[in-house]
Amino acid sequence: MRLIRALSIFGAALITLGTAAFAQSPTIETTPIPMTAKTDFSKMAFLSGTWNCSVMSSRRPTPYHVTSVSTLSTDGYWMVTRSTTQKTSWIARTLTTEDKMTYDPSTSRWVDVSTDDSGGYDVSSSPGWNGDSIVWTDLAYPQSNATAVNNPTTLTKVSDTETTSVSSFKEPSGRLVTVKSSCTKAS
């Protein structure tokens, strides 16, 4: 009888512990993952299309030329710009770059992720347009190509078919190099 009572108490304890453990186990989440609202590209829309740019670096003898094509991604979250830099005496081959730009509502800033066909990358952000200008600050930029410090880039909208930009960086020697571009929309 003692054995039956002990087994009964043990069984009751197991049921109690099992019920308590089940009650404390996490529930399976069934709420759908919220979708981020699509980016409002209305202030950036003029950038869509094909652009021809002349870029002048203060450490180079003449400008080099870049052609960029900007479109919205099919999902509507990114503006994608594919750029081709033409060969020059100091650019040994044609270079291609892809920039993907979107708005991050969680940080209230625009974000641009750039990669190129030689392993280069850059991540920059901007609080947005201030009048006709937008300033981009690098968040992650490799210190390569004799770059010790990279300064913000200011893009200015001259019109719906013309932009200018200016940026600068310091070489390890301390020399400041400025880079200015002028772009016109081809289509």
Meets criteria (closer than 20 Å to T178 by Cβ, assigned to a strand (DSSP E or B), of a type in the set (A, V, I, L, M, F, W, C) and open to solvent by less than 50 Å² (accessible area, probe 1.4 Å)) for W110
no
Name every residue in the stretch 72-81 that is surrounded by 14 or more Cβ atoms within 10 Å (Cβ to Cβ) and of a type outside the set (V, I, T), in order of residue number.
L72, Y77, W78, M79
Heads up, the strands (runs of 3 or more DSSP E) in the stretch 28-90 (entirely inside) with at least 2 residues that are more than 21 Å from S118 (Cα to Cα) and over 17 Å from the mean Cα position of the chain (by Cα) are 49-57
So, in the stretch 153-174, of the ones that are modelled with pLDDT under 90 and open to solvent by 50 Å² or more (accessible area, probe 1.4 Å), which residue ends up farthest from the chain's Cα centre (by Cα)?
S173
Just a yes or no: is a residue in the stretch 124-135 in a strand (DSSP E or B), open to solvent by less than 50 Å² (accessible area, probe 1.4 Å) and at pLDDT below 90?
no
Residue under question is P34, and the condition is that it be under 21 Å from T178 (Cα atoms) and exposed (fewer than 11 other Cβ atoms within 10 Å of the Cβ); does it hold?
no
Any chance the stretch 98-105 includes a residue that's closer than 24 Å to R60 by Cβ and loosely packed, with under 14 Cβ neighbours inside 10 Å?
yes
Could you please give the count of residues in the stretch 63-91 that are basic (K, R) and at pLDDT 95 or above?
1
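The values are calculated or read from the model by the stated rules, or taken from the named source; none is laboratory data. Remember, it's a predicted structure, so these values are computed and weren't measured experimentally. In this analysis, Cβ positions are derived from the backbone assuming ideal geometry, glycine residues included, and neighbour counts consider all displayed protein chains. Note: accessible area is taken over every heavy atom of the protein model, side chains too, but ligands, DNA and RNA are not part of it. Shrake-Rupley method; radii C 1.70, N 1.55, O 1.52, S 1.80 Å.
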